[in-house]
Amino acid sequence: MIRVAVSEAAIDVAAELAVLEATEGGAVATFTGLVRPDDGVGELMLEHYPGATEAALEKLVNEAIARWSLGAATIVHRVGAMKPGERIVFVGTAAQHRAAALDACAFLIDRLKTDAPFWKRETREGEATWVGERASDHRAVEKWR
């Protein structure tokens with residue numbers, strides 16, 4: 001089972017987790033990312049390229065399923081305006097064993113940060129700035145190559 005969604009709607013972690021737990025696996029791993037209030041961020045605006053973003057996420061999910069023999073994988077990513085503390089992304093994987101579920105979940109969160117077309121703008125005290133990719137994100141991806 002593959003689920004990829006990009007939406008302005010709030011992420012229902014309980015509902016997403018229930019779907020993963022219903023698979024015939026022995027392990028489920030998840031990651032939930034929150035908007036950080038770094039240095040006074042009051043709002044995060046996330047934009048994407050409709051169609052291309054979903055295709056990039058589906059490609060990553062298919063790669064993870066093949067690499068770790070997953071029973072299911074989910075990526076739900078928000079776009080639009082968000083406040084600190086709100087959920088921005090949910091990644092979940094289901095596999096027969098914990099190592100596969102955990103590794104695949106880490107792979108997906110690391111790779112989506114560099115491989116999916118999202119654009120991030122942070123607003124602090126009324127001033128908006130676009131945020132570029134971080135070197136640490138690229139270093140994290142290297143371990144999966």
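The values are calculated or read from the model by the stated rules, or taken from the named source; none is laboratory data. Note that the coordinates shown come from a computational prediction; the quantities given were computed from them, not determined experimentally. Heads up, the Cβs are rebuilt from the backbone with ideal geometry, glycines too, and the neighbour counts pull from every protein chain shown. Heads up: the accessible areas ignore ligands, DNA and RNA and are worked out on the full protein's heavy atoms, side chains in. Shrake-Rupley method; radii C 1.70, N 1.55, O 1.52, S 1.80 Å.
Annotation: of all residues in segment 120-145 being open to solvent by 80 Å² or more (accessible area, probe 1.4 Å) and either of a type in the set (D, E, K, R) or in contact with a Pro (Cβ under 8 Å, 6 or more places away or on another chain) (or both), the one that is nearest to C105 (Cα to Cα) is K143. Cβ-Cβ distances below 6 Å connect no pair with a first residue in segment 117-145 that is on the phi > 0 side of the Ramachandran plot, a second residue that is part of a helix (DSSP H, G or I), and a separation of six or more residues or different chains. Would you confirm whether or not segment 97-112 contains a residue that is open to solvent by less than 60 Å² (accessible area, probe 1.4 Å), at pLDDT 95 or above and farther than 17 Å from I65 by Cα? No, the conditions are met nowhere in segment 97-112.
The residues of segment 97-141 that are over 17 Å from the mean Cα position of the chain (by Cα), part of a helix (DSSP H, G or I) and under 25 Å from T74 (Cβ atoms), listed by number, are R98, A99, A100.
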